[in-house]
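The values are calculated or read from the model by the stated rules, or taken from the named source; none is laboratory data. This structure is a prediction, so every number in the text was calculated from the model and none was measured. Note that each Cβ is placed from the backbone with ideal geometry, even for glycine, and that neighbours are counted across all protein chains shown.
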Amino acid sequence: MTLNKTLISCALGATIGLGATAAAVAKPHVSLLMPTQSVQYWALYVKGFQKEAQAQGIDVDVKVTNYDATEQATQVEQAIAQKPDVLVLVPVDSSAMVPSIRKINQAKIPLVISNSMPDAKYARYWQAFTGPNDVSYGEQAAKAMINGFKDKGYGANGKVLVINGQMGTPPQLQRYQGFTAELQKSAPGIQVAGALPADWDTVKAESAASALFTQYKDVKGVFAENDAELRGVVTAAERLGLDPSKLVLVGLGCDAPVVDLIVAGKAYATIDQSPVEDGAMAARAAKTLATGGTPKAIDYLPNPIATKSNVNVCYSQQK
């Protein structure tokens with residue numbers, strides 16, 4: 001009898017031990033909701049997230065829409081029903097997604113907002129934000145423009161153009177806000193003569209830049225709100241017989257093709273924004289939340305200015 005009790009106790013102990021071990025090694029489950037993967041930036045973001053998630057021991061379920069806020073709201077409800085340990089949301093539209101963010105909070109699922117921050121008055125509904133400070137990115141672009149004017153002997157006066165991203169989105173609004181505010185503050189003589197949207201697209205940017213170059217003469221610089229657009233600006237300038245090296249052309253992103261343009265003297269500067277690190281930062285915040293920790297409430301991407309003398313700061317040049 002005593003022997004049987006001993007055997008039963010040992011068996012129970014072993015079972016409990018195995019259960020505890022299984023619980024200890026169980027991977028946190030994270031739902032990642034993306035606006036799209038058809039754009040290169042977001043494809044690289046997902047790769048960065050997944051690579052970091054693997055290193056952190058996280059299981060990831062990725063849901064993708066095509067910049068459709070209604071569809072993303074539906075995906076939020078699907079994700080809530082799956083009860084992940086953490087939900088990471090890259091909002092298609094940070095204003096339209098506020099009701100969905102409230103639902104995540106009501107479901108008591110820890111939430112990381114990534115890349116595009118909704119109005120800060122709703123910050124009580126999420127635990128962490130990771131990604132770019134787009135106002136700061138615009139400010140950096142303005143500083144690059146001001147330095148470019150000096151380097152090319154234009155002083156602190158002249159007309160510039162802006163190629164906007166997708167109108168109304170937080171990155172577009174905030175980059176433009178930061179750019180114009182910094183020019184007004186530090187070089188009021190450099191003024192935005194005209195602007196047109198290009199939806200982050202090279203071909204659309206070429207068309208927009210052609211129209212602006214034709215309408216506004218004696219332009220000394222152009223700020224394209226991402227590097228894909230800057231490539232279109234360079235093409236437009238060359239097709240119109242303008243020498244890109246005489247213009248202060250500033251992009252944002254540090255993409256490899258724009259680095260090549262900077263090295264060749266056809267563009268002046270870009271601002272580093274690593275999509276890989278953008279995704280990795282969100283994954284690290286998710287792991288911290290999933291394991292009971294407290295991540296930084298706001299964790300911004302670094303955004304150094306890259307010119308011909310220091311293109312090595314660009315993520316695309318890292319090995």
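Remarks
- Applying the condition of being surrounded by fewer than 22 Cβ atoms within 10 Å (Cβ to Cβ) and out of contact with any Ser or Thr (no Cβ under 7 Å at 6 or more places or on another chain) to segment 262-279 and asking which residue is farthest from Asn303 (Cα to Cα) yields Ala264.
- Those residues of segment 282-319 which are aliphatic (A, V, I, L, M), in a loop (DSSP other than H, G, I, E, B) and crowded, with 16+ Cβ neighbours inside 10 Å, in sequence order: Leu301
- Considering residues of segment 119-131 that are touching a residue at least 12 places away in the same chain (Cβ under 8 Å) and small (Gly, Ala, Ser) only, the residue surrounded by the fewest Cβ atoms within 10 Å (Cβ to Cβ): Ala123
- Only one of the numbered conditions (1) under 24 Å from the mean Cα position of the chain (by Cα); (2) surrounded by 15 or more Cβ atoms within 10 Å (Cβ to Cβ); (3) farther than 20 Å from Cys314 by Cα; (4) of a type in the set (A, V, I, L, M) is violated by Val219, and that is (1).
- Close pairs (9 angstrom Cβ cut-off, 6 or more residues apart or separate chains): within 22 Å of Phe49 (Cα to Cα) in segment 60-75, among the aromatic types (Phe, Trp, Tyr) and at pLDDT 95 or above anywhere: Val60/Phe49; Val62/Phe49
- Matching residues, segment 222-259, being crowded, with 23+ Cβ neighbours inside 10 Å and over 23 Å from Ile305 (Cβ atoms): Ala236
- For beta carbons closer than 8 Å, sequence separation of 6+ or different chains, a first residue in segment 140-161 that is assigned by TED's automatic domain parsing to the domain that holds Leu212 and a second that is crowded, with 22+ Cβ neighbours inside 10 Å and basic (Lys, Arg), the qualifying pairs are Ala141/Arg175.
- For segment 40-59, the set of residues classified as outside any helix (DSSP H, G or I) and either within 12 Å of the chain's Cα centre (by Cα) or not assigned by TED's automatic domain parsing to the domain that holds Gln78 (or both) is empty.
- Any hit, segment 189-208, residues being buried (at least 18 other Cβ atoms within 10 Å of the Cβ), in contact (Cβ under 8 Å) with a residue 60 or more places away in the chain and in contact with a strand residue (DSSP E or B) (Cβ under 7 Å, 6 or more places away or on another chain): no
- Unique residue being at negative phi, modelled with pLDDT under 95 and surrounded by fewer than 19 Cβ atoms within 10 Å (Cβ to Cβ) when the list is Ala156, Ala69, Ala81: Ala69
- Where a residue in segment 104-118 is in contact (Cβ under 8 Å) with a residue 24 or more places away in the chain and its partner, wherever it lies, is part of a loop (DSSP other than H, G, I, E, B) and of a type in the set (Phe, Trp, Tyr), with Cβ under 6 Å and at least six apart: Leu111/Trp126; Ile113/Trp126
- Checked across segment 109-131, the condition of being in the same structural domain as Gly279 (by TED's automatic domain parsing), β-branched (Val, Ile, Thr), out of contact with any strand residue (DSSP E or B) (no Cβ under 6 Å at 6 or more places or on another chain) and under 21 Å from Ala290 (Cα atoms) holds for no residue.
- Odd one out for Val98 among (1) without any contact (Cβ under 8 Å) to a residue 60 or more places away in the chain; (2) outside the structural domain of Val222 (by TED's automatic domain parsing); (3) closer than 26 Å to Thr270 by Cβ: (3)
Here is a yes/no grid of residues against (1) in contact with a His (Cβ under 7 Å, 6 or more places away or on another chain); (2) of a type in the set (Val, Ile, Thr); (3) in a loop (DSSP other than H, G, I, E, B):
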position: Gln72; (1), (2), (3): no, no, no
position: Gln78; (1), (2), (3): no, no, no
position: Ala81; (1), (2), (3): no, no, no
position: Pro84; (1), (2), (3): yes, no, yes
position: Leu87; (1), (2), (3): no, no, no
position: Ser95; (1), (2), (3): no, no, yes
position: Ile101; (1), (2), (3): no, yes, no
